[in-house]
Every structure is written in structure tokens, then in C-alpha cells.
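**Q** Take a look at the following structure, please.
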Amino acid sequence: MKSVTVIGLGPMGQAMAGAYLGSGYEVTVWNRTPARADELVARGARRAESVEAALTANELVVLSLTDYDAMDAVLAQAPETALAGRTLANLTSDTPERARQAAAWLAERGAVQLTGGVQVPPPGIGTPDAMTYYSGPKDVIEAHRPALEVLTGIEYLGEDHGLAALYYQIGIDMFWTALTGYLHGQAVAEANGIPAEDFLPHAVKFMDLRYFLEFYAPRITAGNHEGDVDRISMGVASMEHVLRTTQASGVDGSLPAAVLKIFRQGVTAGHGQNSLTSLIGVLKRH
Ligand code: NDP
């Protein structure tokens, strides 16, 4: 019978264990707070009484913990011999460096880490378009492809264990900063008596950045920062208006002030007449 262990039953781990149960897997679960396993156990999962029992129950162990410190805390509860021969699909997010260190530490104990960066929230687990970045040994990923694909599709990035974490962090960097921009704009809207849902269609248009992402990427690659369509000096004037509108609305201005500060750094560095993309060079210097 197909079987897997899931360690860590936050919203993500619960969704993963649930997806395995729904696909007919024999699922062993362990969580620091045992009660989080109750519902899964009621659906047929086996509750491991210890981390050691969870690790040794199956060759494939899915880890879904807050961060790698949590992973260290969990694995410290089991004898290291319990790791030998295991494949740990580590879908815990953290830095590329932590991912590489953990993979090396596990390898010394006879275990293989597959680093994963899940690209969807828990309700997306088990849905057709969901993807996870993976890095680590390709043959091991291929050996476990059917089990991994119960959760999401596989976007394989390479052998370097840090790559999946790196791609995930870059994506999350873009996601959080863009989403915070959305929340900031909605705060200004609300402060001016515009309900969030009324502004929604306008937000959807402004935040449809695909054209810009695709327009700028080849120019960034080519190092072409010509100010033929946009100039940082225009960006500075524009962000000054945003900041003043924000402040006049009684809304915290720290986000537009931070953007304005970066734009001004671009001008100070001599790029006032160049495209916003020249900020990449300015940002990389810090
Ligand atoms: P949570 O932080 O809610 O839960 C993670 C689990 O970590 C819980 O089971 C918790 O145990 C456990 N844990 C935390 N600290 C310790 C510790 N010191 N010792 C033992 N166990 C510990 O995370 P999520 O379930 O939301 O996400 C899991 C991972 O997936 C994270 O790395 C997250 O970044 C990533 N992810 C999450 C997404 C999301 O939308 N939620 C989307 C994409 C990736 P306990 O129940 O006892 O507290």
C-alpha cells in the first residue's frame, strides 16, 4: 500500500495529510500539539506516538513546519539512527542557506532532503494548477514523483538544495511587497470613504502587472535601462504625490516613503533620466 509520514500539522500539513488520505495513502502523522492530529486520525490517519515512530514508519517523510529551527527541534527528539534511509520532503520554508545546511546535516545521517517551496495556500493543495518548487537529487524526486504529485505539481529547479528555497523567497518577496501595496492603497481608499469592494475593479487594473513584468525582464537581462518609456525622476514626482495624498488621508506613510527613498537613491546615483529598472543596480549595491 502507498504510505507516507507527515510531520507538522499546521494548516499546510493538515491539508497535505488530508490530500494523502483522500488519495488512498496510509498516512502516519506527528505534531507537537497532538490534538491537531485528531481530525486526521478520525479520517483514518495513524498517530505516531513519537518523532522516532513517525520517521521510521515510512521511507517518505513530508515535513511542514514553521521554519528550520522548528525542524531542528523536532528531529532532536529522535535518535539520529531513525533518519537513515529516509527521504525528507522538506516543504518547510526558510533561507537557501538553511536548506543547504539541513540537507548536508541529513546526508551525514543517511537521509536525503528534497527541498520544497509550496506556491499555493493550504486550500490549493491537491488542486490541478498548484505547483511546488523542488531542488535536490533528481533521481530521488523522480522516485517519489507520484507521491509528491498528490500534493502539487513539481517545478524542479536543480540539484542545489538551496534553489527551491531561493526561488520561493524571491517569489514571496514580490508577493508580500505587492500585497502590502494593495493593503496600503485600500487603507487610503477606506480613509476617504471608498469601500474596498468599490475600489476593487480599479485595483485589479492597476495591479495587473503582467505587461510590465514581461516588458522589463528582457531589458533587465540586457542591462538596457534607457529612459525611453519611464524615468526615475518621474517616479520621484509621482511617489511624492502618493505620499502627500496618504498623509492628507491620515494613513501611515512609511510604505510610500520607503519607495520614494529608493527612487531618490536612484536619482542620487545619477539615474534620474534612466528607467526605473536602473534601481536594480542601486538595490544590489546595499
Ligand atoms: P504553521 O506555522 O501554522 O505550522 C507549522 C507547524 O510547525 C505546526 O504543526 C507547529 O506545531 C509546528 N512547529 C512550529 N514550531 C515548532 C517547534 N519549535 N517544535 C515543533 N513543532 C513546531 O505553518 P503552516 O502550516 O501555515 O505552513 C507550514 C510551512 O509551509 C511554513 O514553512 C510556511 O512558510 C509554508 N507555506 C505556507 C503557506 C500557507 O499559506 N500557510 C503557503 C506556502 C508555504 P504546533 O501545531 O504544535 O504549533
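The values are calculated or read from the model by the stated rules, or taken from the named source; none is laboratory data. Worth saying up front: this structure is predicted, and the values here are computed from it rather than measured. Reconstructed Cβ throughout: ideal geometry from the backbone, glycine too, with neighbour counts over all protein chains shown. Side chains are part of the model used for accessible areas, which takes the heavy atoms of the whole protein and leaves out ligands, DNA and RNA. Shrake-Rupley method; radii C 1.70, N 1.55, O 1.52, S 1.80 Å.
**Q** Name the residue, out of Leu106, Leu151, that is within 16 Å of the ligand (Cβ to nearest atom) and assigned by TED's automatic domain parsing to the domain that holds Leu60.
**A** Details: Leu106 fails: within 16 Å of the ligand (Cβ to nearest atom).
Leu151 is the lone residue from the list that is within 16 Å of the ligand (Cβ to nearest atom) and assigned by TED's automatic domain parsing to the domain that holds Leu60.
**Q** Next question, about the same structure. Residue under question is Ala257, and the condition is that it be free of Cβ contacts under 8 Å to residues at least 12 places away in the same chain and of a type in the set (Gly, Ala, Ser); does it hold?
**A** On the way: free of Cβ contacts under 8 Å to residues at least 12 places away in the same chain: no; of a type in the set (Gly, Ala, Ser): yes.
When the stated conditions are applied, Ala257 does not pass them.
**Q** Of these, Ala189, Ala203, which one is in contact with a Gly (Cβ under 9 Å, 6 or more places away or on another chain), open to solvent by less than 60 Å² (accessible area, probe 1.4 Å), free of Cβ contacts under 8 Å to residues at least 40 places away in the same chain and not assigned by TED's automatic domain parsing to the domain that holds Val120? I'd like the intermediate steps shown before the answer.
**A** On the way: Ala189 fails: in contact with a Gly (Cβ under 9 Å, 6 or more places away or on another chain).
Result of the check over Ala189, Ala203: Ala203.
**Q** With open to solvent by 90 Å² or more (accessible area, probe 1.4 Å) and among the hydroxyl-bearing types (Ser, Thr, Tyr) as the only criterion, which of Tyr182, Tyr167, Tyr216 stands out?
**A** Exactly one of Tyr182, Tyr167, Tyr216 is open to solvent by 90 Å² or more (accessible area, probe 1.4 Å) and among the hydroxyl-bearing types (Ser, Thr, Tyr), namely Tyr167.
**Q** Kindly indicate whether Thr221 is of a type in the set (Val, Ile, Thr), part of a helix (DSSP H, G or I) and closer than 18 Å to Ala189 by Cβ.
**A** Numbers: of a type in the set (Val, Ile, Thr): yes; part of a helix (DSSP H, G or I): yes; closer than 18 Å to Ala189 by Cβ: no.
For Thr221, the condition - of a type in the set (Val, Ile, Thr), part of a helix (DSSP H, G or I) and closer than 18 Å to Ala189 by Cβ - is not met.
**Q** Out of all the residues in segment 21-69, which are among the small types (Gly, Ala, Ser) and in contact with a Lys or Arg (Cβ under 8 Å, 6 or more places away or on another chain)?
**A** Just the residues of segment 21-69 that are among the small types (Gly, Ala, Ser), to begin with: 22-24, 35, 37, 42, 44-45, 48, 50, 53-54, 57, 64.
Scanning segment 21-69 gives Ser23, Gly24, Ala37, Ala57.
**Q** Considering segment 44-57 alone, what residues qualify as being open to solvent by 60 Å² or more (accessible area, probe 1.4 Å) and part of a loop (DSSP other than H, G, I, E, B)? Please lay out each step first, then the result.
**A** Start the filter on segment 44-57 by keeping residues that are open to solvent by 60 Å² or more (accessible area, probe 1.4 Å), which leaves 46-47, 49, 52, 56.
Selection gives Glu49 alone.
**Q** Is one or more of the residues making up segment 10-17 surrounded by fewer than 21 Cβ atoms within 10 Å (Cβ to Cβ), closer than 20 Å to Glu149 by Cβ and more than 9 Å from the ligand (Cβ to nearest atom)?
**A** For segment 10-17, residues surrounded by fewer than 21 Cβ atoms within 10 Å (Cβ to Cβ), closer than 20 Å to Glu149 by Cβ and more than 9 Å from the ligand (Cβ to nearest atom): absent.
**Q** Another question, then. Specify which of the listed residues (Gly116, Gly126) is open to solvent by 30 Å² or more (accessible area, probe 1.4 Å), touching a residue at least 12 places away in the same chain (Cβ under 8 Å) and either closer than 18 Å to Tyr25 by Cβ or not assigned by TED's automatic domain parsing to the domain that holds Thr87 (or both). Spell out the reasoning first.
**A** Numbers: Gly116 fails: open to solvent by 30 Å² or more (accessible area, probe 1.4 Å).
None of the others qualify; the one that does is Gly126.
**Q** List the number of the failed condition for Val229; all other conditions in (1) touching a Ser or Thr at 6+ places or on another chain (Cβ under 9 Å); (2) surrounded by 14 or more Cβ atoms within 10 Å (Cβ to Cβ) hold.
**A** Every condition holds for Val229 apart from (2).
Quick grid of which residues meet (1) touching a helix residue (DSSP H, G or I) at 6+ places or on another chain (Cβ under 7 Å); (2) more than 12 Å from the ligand (Cβ to nearest atom); (3) open to solvent by 60 Å² or more (accessible area, probe 1.4 Å):
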site: Trp30; (1), (2), (3): yes, no, no
site: Ala35; (1), (2), (3): no, no, yes
site: Ala42; (1), (2), (3): no, yes, yes
site: Glu59; (1), (2), (3): no, yes, yes
site: Asp67; (1), (2), (3): no, no, no
site: Val74; (1), (2), (3): yes, no, no
site: Ala84; (1), (2), (3): no, yes, no
site: Gln101; (1), (2), (3): no, yes, yes
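**Q** Identify the residue in segment 86-99 that is open to solvent by less than 20 Å² (accessible area, probe 1.4 Å) and under 20 Å from Ala57 (Cβ atoms) and, among all such residues, is nearest to the ligand (Cβ to nearest atom). If you could, list the steps in order and put the result at the bottom.
**A** Within segment 86-99, the first condition is being open to solvent by less than 20 Å² (accessible area, probe 1.4 Å), and the residues that meet it are 87-92, 99.
Subsequent filtering for residues that are under 20 Å from Ala57 (Cβ atoms) retains 87-92.
On the way: Thr87: 18, Leu88: 14, Ala89: 12, Asn90: 9, Leu91: 6, Thr92: 4 Å.
Only one residue fits best here, namely Thr92.
**Q** Turning to a different aspect of this structure: Just for segment 129-143: of the residues that are in contact with a helix residue (DSSP H, G or I) (Cβ under 8 Å, 6 or more places away or on another chain) and within 16 Å of the ligand (Cβ to nearest atom), which one is most open to solvent (accessible area, probe 1.4 Å)? Break it down stepwise before answering.
**A** Step one: filter segment 129-143 for residues in contact with a helix residue (DSSP H, G or I) (Cβ under 8 Å, 6 or more places away or on another chain), giving 130, 132-136, 141.
After this cut, where a residue has to be within 16 Å of the ligand (Cβ to nearest atom) as well, the list is 130, 132-135.
Values: Ala130: 2, Thr132: 2, Tyr133: 42, Tyr134: 1, Ser135: 0 Å².
My answer is Tyr133.
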